[in-house]
Structures are given as C-alpha cells and as structure tokens.
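Here the structure is laid out as structure tokens; the discussion comes afterwards.
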Amino acid sequence: MGSFLQFPVLIARTGQEQAPQGEDTYYIIGKNGTFLHKRTGIVEALIPVPDIPQLASVETWAELDVPRIPLALFAQVWHFFREIYKKMHSEAVALLFYDESTRQWFVEIPEQRVQGAGVHYDDRAQKPGCVKAGTIHSHCDFQAGHSGGDQRDERHFDGLHITIGHVPDAHPTVSVCVAVNGFRFMKSVDDYLEGVRMGEYEVEVFASPKFHRRKVHNTQPNRGPKHYQKGVGYKTPGFVSAVVDLMFSPWVPISTEPPSTMESLPDPVPPPTRTVRMQKGVCVDFPEGTVLSDYGFPDEWISRVYRYIPPAPVHVQVVTPVTWSSPTNMAHARRGSSRGHWNDEDWMAETGFDLLKDLPPPLEAETDPPPDTDPNQPPPPKEKS
Ligand SMILES: [Zn+2]
C-alpha cells in the first residue's frame, strides 16, 4: 500500500478478500468497476464510484511498429480512388497488408460494392506472409474523416485507418488514425505516410470588384457614404434613403433612342481580378517531374468494384373510402351523455346499418411497378471523349 494513498485499494481477485483491518473507508477494484466502502455512523455501504481521486491519471495511446507507407503506394491508391470517383461517383476501399519480416507495405483491392457515401467490401482477403494492417478508403469530393460507419468498421479491426477526401483535387484531405479495440487515436498525416504533410500552398482567388472606393470630399468626417457603387451613385445609403433619393431625383424620360454619348452609359463592369492567397492543407511531395497519373495501378483493381444499385422504393397507396366513418365514431356522436340507453339494435334500427353486412370492403393496396430509372442514383459521370 503506497504511502501516498489516503485509503487502501483492494483488487477483487476471488471476491472473498478480507476487508482491511480497522479501515472504514477503502476501495475495491473488481471486474465490474471501482467501488468505495464507507462506514459513517449507522451507515455501512459498498457503492460504485467513477474513479479513485488519489491515483494518477493514465493517458491512453497507440502506435504501430512500422515504417511509413511509401509515397508511391499511397499515390497508386489515391489515383485508383480518383478513377473510381470519375467512373462511378463513388467511394472505394483498399486493404493494407504488412510483411513483418521485410517491413514492407502492400495494398490489395477487395471485391466491393460502392456508392456515393459508403462501401461494402469482402473483408476475408488475406495475403500470405503478411498481417492485415489497416484500410484506406476514399470520401469522393468531400472531407476526409472517420464517419460513424467508419468507426463501427474500425471497432473490430485494429490497425491503421486512412481516409482520403476531395480525391479529384491536387490537395486532397487526408485523415489518419490508429484504432485499437474500437479506440481511435488521430495521427498527423506524416506520422504514417511518406511524402505527405500538412503545409501551405497557393490558391487562385478571383474577386469581382463590384464596389469602388472613392475619395469623398466631405467637410463632415465620418458621415455620409464612403463606398459608391460605380455608375449608380446613391447620395445616402440604405433603403429609405434610396426611396427618398428616387422621389427627389429629376425625372428622366425613357427613350428608345441609343444614348448620344458614351458618358451616359454606366461604367462597364471591370473584369474579375486574380489574386493568390495561401491555404493550409495536405501537400504531397511527388518526386521532381512526376504527377499523380504517373502512378499506375493494376487494371483488375477497377474490375473488383461494383456500383451498388439500391432496390427501387415501393410505393404503397392506402385507399380509404371518404364517405365511410367508423360505426364507433358515429355511435359516440349519437350517444352524447345517454350512453346507457344505446345498443347495437337501436342503432341499427335507426341507421339501417348492419355491422356485419355493411362494413366497407377491405383496404386495397396498390404497388407501383419499379421505375426504369432509379431517382436515388446520381447521374452517371460524364465521359471524357
Ligand atoms: Zn468513410
């Protein structure tokens, strides 16, 4: 028992452990959690507690004893994902295998059914001499990350799980995690990927200069407009002011004749200006002179991917006769407060309604034939000629 501990801590190995002599307060750690024994006055109890405040916190972590995945292998998979996205507008998955004796990474493409936001694959794939060490899957043209479905998949698959999003872009989004027993530990991209890092890169921005700053000669600073829309020139900003300006503006006759001088035309809209700004994101350092399309992949990878076609929705139309209301409802309406005086015979005699004979026909259900085209499917990707 450590001197730093204010109270004894027992490990319940058999459940028959003796309580510490002369201690009213102590902890027991058992299969089903941590418990506190206390005796104060007339109360004695053993109750569950979330933690033992006197103990130190334990940080969880997980790492794989592997070298980083080579850039060429990552590029091959990314290129494959991009081609699948172009052909099927779908995600796809690759399995990572690792040879512990040679410390080499390999990729296998399992048979898979893919769709825009999901992929189901045959997880029985094995590679002789290798351990199945993780997955890489794509997120089409949206953000990489680990969705709820991804996390469920990782629960039973200890290893490295990588997601590549925005696959058509030059700078994809990449998410890397190590999952163990369903616990996920997010990693930096360069922890497990060679030649891939977070960095800054230039993006082109085209701005349309709609408003022009003009120097306003105003004797009263901080009053009045600072920005004029070119060619319009409101005297005061705001809707009310615009209406007032319109009311008091000189009347201009509408003419079908073209204006006599160019001066009366509004200023032409200037072309958008191109600027460059820096953006933070994933940078892939391809060796000099190579681009992603240089990293070819086996043709059979594509042949293992099938676009998932969900079954056509079945439309069931329930037909209810509008003129019929339930005898019970009619009875309630008739009965009012004189419930005791009502019976079926009275009701049938008055209404001529026979419960057994006059019930409406059974409800009919109509089933639409499946349509030729599935409205849930996105349009097929455009083929480049
Ligand atoms: Zn995912």
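Bear in mind these aren't lab numbers, they're just calculated from the coordinates by the rules spelled out. The model shown is predicted, which means the values in this text are computed figures rather than measured ones. As a convention, Cβ positions derive from the backbone with ideal geometry for all residues, glycine included, and neighbour counts pool all protein chains shown.
Structural remarks
- Between amide H atoms placed 1.01 Å from N, distances below 5 Å from ALA133 occur with LEU96, PHE97, TYR98, all of them 5 or more places distant or on a separate chain.
- Computed from the Cα positions only, the extents of segment 9-49 along the three principal axes stand at 29, 21, 14 Å, in decreasing order.
- Alpha-carbon centroid distance for the pair segment 75-139 / segment 1-58, whole angstrom: 49
- Packing, as the average of other Cβ atoms within 10 Å across residues, places the peptides 53-65, 276-288 in the order 276-288, 53-65, highest first.
- In segment 75-127, Rg over Rh equals 1.03, where Rg is the alpha-carbon radius of gyration and Rh the Kirkwood radius from pairwise Cα distances.
- Here segment 9-49 is assigned +1 on the Cβ of each Lys and Arg and -1 on the Cβ of each Asp and Glu. Its dipole about the Cα centre then comes out at about 140 debye.
- A cut-off under 11 angstrom between Cβ atoms defines the neighbours of GLY195, and their net charge, with Lys, Arg +1 and Asp, Glu -1, is -1.
- Taking amide H as placed 1.01 Å from N in the peptide plane, GLN104 has its amide H under 5 Å from the amide H of ASP99, each at least 5 places away in sequence or on another chain.
- In this Cβ point-charge picture (+1 for Lys and Arg, -1 for Asp and Glu), segment 48-95 has a dipole of about 480 debye about its Cα centre.
- Segment 1-136 - Kirkwood radius from inverse mean 1/r over Cα pairs (Å): 20.3
- Here the Karplus curve 6.51 cos²θ - 1.76 cosθ + 1.60, taken at θ = phi - 60°, turns the phi angles of segment 24-32 into couplings of 8, 10, 7, 10, 10, 9, x, 4, 9 Hz, with x standing for Gly and Pro.
- Remark on PHE142: its backbone amide H falls under 5 Å from those of HIS166, VAL167, a criterion applied only to residues 5 or more positions apart or on other chains, H modelled at 1.01 Å from N.
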